[in-house]
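Coordinate-derived values only; no laboratory data. Because the structure is a prediction, the values reported are computed rather than measured. Counting neighbours? That spans all protein chains shown, and the Cβs are built from the backbone with ideal geometry, glycine included.
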Amino acid sequence: MGTLDGKVALIAGGATGIGRATAELFAMEGARVVVFGRRAGPLAETVEAIIRAGGKAQAVAGDAALETDAARLVQTARAEFGGVDALVNCAAVRLRAPLTEISAADFAEVLRINLVGAFVLTKAVVPAMRERRGGSIIHIGSALGTVAAPDFSPYVASKGGVHQLARAAAHGHRDGCPRVPPPPAQAPHPHRAGRPCQRRRRRMPLPGLRGLPLRHGLHPRRRRRLDRVLIREPHAQV
């Protein structure tokens, strides 16, 4: 028995990185998973890996910022697995360049994928979650949504917007259907005043991550957060 038995999770950006790690972890815990992203090949590889490990998964290729593609994602989850219990949105792109060298079109494209995509996906899954009288929506944020860094202005702006979108959605669904945990409070930037942080991070092995390829590993804090606020504890507050 897994902690997510019987649940259906949509993982946007599920082809690689944090998204793939999340999809594999959820499937390991018993969830039926639909991975979503723009590249069909890597999505198929994720599904293959999950099925090979004994899980259940489907892939949907599409653009998170297109309402038609988001609707198709939800329809696939309904048709294949009966509904939607969770959305984990890991879909994001980064553009690194000095602000003065970034075109308005490139800046807008980062916001379209990272921020508009988060809005479109949230809007698409809410009706399906209300049908099942519950659900959870998680947007993977970033420290750069709170503190700035040089040469990442589109990404910083988009992640700050995602943090505020999550807060607005949480306030808009105070009945808890679905749950949209707001981002946690951010600590002061460790490089404040040019002094690097001297604290050492402890490595915290987690049993739930054993067996995942290292290149797809989730940071322990994200693993704990996902466990706590997603599906396992319906009334968790963050």
query: What list do you get for Ile113, Ile51, Ile102, Ile11 if you sort them by fewest beta carbons within 10 Å?
result: Ile51, Ile102, Ile113, Ile11
query: Can you list the residues, at least 5 places off or on another chain, whose amide H is less than 5 Å from the amide H of Arg38, using H built in the peptide plane?
result: Gly62
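Classify the range 89-155 as rounded, prolate or oblate, taking a ≥ b ≥ c as the square roots of the eigenvalues of its Cα gyration tensor: rounded when a/c is under 1.5, otherwise prolate if a/b is larger than b/c and oblate if not. Before the final figure, lay out each step's value.
Working: a/c = 4.69, a/b = 2.32, b/c = 2.03.
In terms of gyration-tensor shape, prolate.
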- request: Excluding residues fewer than 8 places away in the same chain, name every one of the aspartates and glutamates whose C-alpha is closer than 18 Å to that of Lys123.
  value: Asp63, Glu67, Asp69, Asp85, Glu131, Asp175
task: May I ask you to sort Ser142, Ser136, Ser103, Ser158 by Cβ crowding, counting other Cβ atoms within 10 Å and putting the fewest first?
output: Ser103, Ser142, Ser136, Ser158
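If r is the Cβ-Cβ distance from Ala44 to Glu131 and R0 is 41 Å, what FRET efficiency results, to the nearest 0.05?
0.90
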